[in-house]
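Novice: Sharing a structure with you now.
The values are calculated or read from the model by the stated rules, or taken from the named source; none is laboratory data. Bear in mind that the values here come from a model prediction, so they are computed numbers and not experimental data. Cβ: placed from backbone, ideal geometry, glycine included. Neighbour counts: every protein chain shown. Accessible surface is based on the protein model in full, side chains and every heavy atom, while ligands, DNA and RNA are left aside. Shrake-Rupley method; radii C 1.70, N 1.55, O 1.52, S 1.80 Å.
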Amino acid sequence: MKILLLYYSYGGNTHRAARHIQKILGCDVQEILTVTPYSGDYNSVVTQGQREVEEGYEPPVRPFDKDLNHYDTVILGTPVWWYTFAPAVKTVLSAADWNGKTVYPFATNGGWIGHTFRDMKTACAGADVKQGLNIRFEGDQMQTSIAEIDRWTAEIKPANKKSIGK
């Protein structure tokens, strides 16, 4: 079994959390990058993000270095945008075949997680979607403890320890 840590990060918090998880598991990593990065001040990006979520928009993303078909376990990370996963994650989720995969979702947010994990489970049709990890931030200060992230990550590691380091 091979593990891929797949994530999108806008402001850096999801990236920081993903790198910590990757350090523990030693798994492959693929960052989701939009073809056209979001630009402007925070409020204009928030407004754009709200519009995109409401419209179900799927922004074009850059091609991956990793082939999702080669992984049976995916750790899936996203920031919360308007109570769900980011539009760039929607692009990837709708294009991939999730049948037979095991997905461990995590989400970073500064307030309310909303229906993010429920939406991820629906979007990953055919996958065994495990309990998600809510990683809270206030600005760029993580409020969720490293110990909590480590406990969640430990749930992934024993079932897949043969894949670590391969």
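Novice: State the number of residues belonging to region 104-122 that are surrounded by fewer than 21 Cβ atoms within 10 Å (Cβ to Cβ) and of a type in the set (A, V, I, L, M).
Specialist: Residues flagged as surrounded by fewer than 21 Cβ atoms within 10 Å (Cβ to Cβ) and of a type in the set (A, V, I, L, M) within region 104-122 amount to 1.
Novice: Suppose we filter Thr36, Thr91, Thr108, Thr78 for residues that are of a type in the set (S, T, N, Q) and part of a loop (DSSP other than H, G, I, E, B); which single one remains?
Specialist: On the way: Thr91 fails: part of a loop (DSSP other than H, G, I, E, B); Thr108 fails: part of a loop (DSSP other than H, G, I, E, B); Thr78 fails: part of a loop (DSSP other than H, G, I, E, B).
Only one candidate passes the filter, namely Thr36.
Novice: Would it be correct to say that Lys23 is on the phi < 0 side of the Ramachandran plot, of a type in the set (Lys, Arg), exposed (fewer than 13 other Cβ atoms within 10 Å of the Cβ) and not in a strand (DSSP E or B)?
Specialist: Working: on the phi < 0 side of the Ramachandran plot: yes; of a type in the set (Lys, Arg): yes; exposed (fewer than 13 other Cβ atoms within 10 Å of the Cβ): yes; not in a strand (DSSP E or B): yes.
Taking the combined requirement at face value, the residue satisfies it.
Novice: Looking at Tyr83, Tyr71 in this structure, which one is without any contact (Cβ under 8 Å) to a residue 40 or more places away in the chain and open to solvent by 10 Å² or more (accessible area, probe 1.4 Å)? Outline the logic, then answer.
Specialist: Values: Tyr71 fails: without any contact (Cβ under 8 Å) to a residue 40 or more places away in the chain.
Going through Tyr83, Tyr71 in turn, the sole match is Tyr83.
Novice: Now, a different point. Mind checking which pairs have a first residue in region 118-140 that is of a type in the set (Lys, Arg) and a second that is open to solvent by 50 Å² or more (accessible area, probe 1.4 Å), Cβ under 6 Å, 6 or more apart or different chains?
Specialist: Arg136/Gln143
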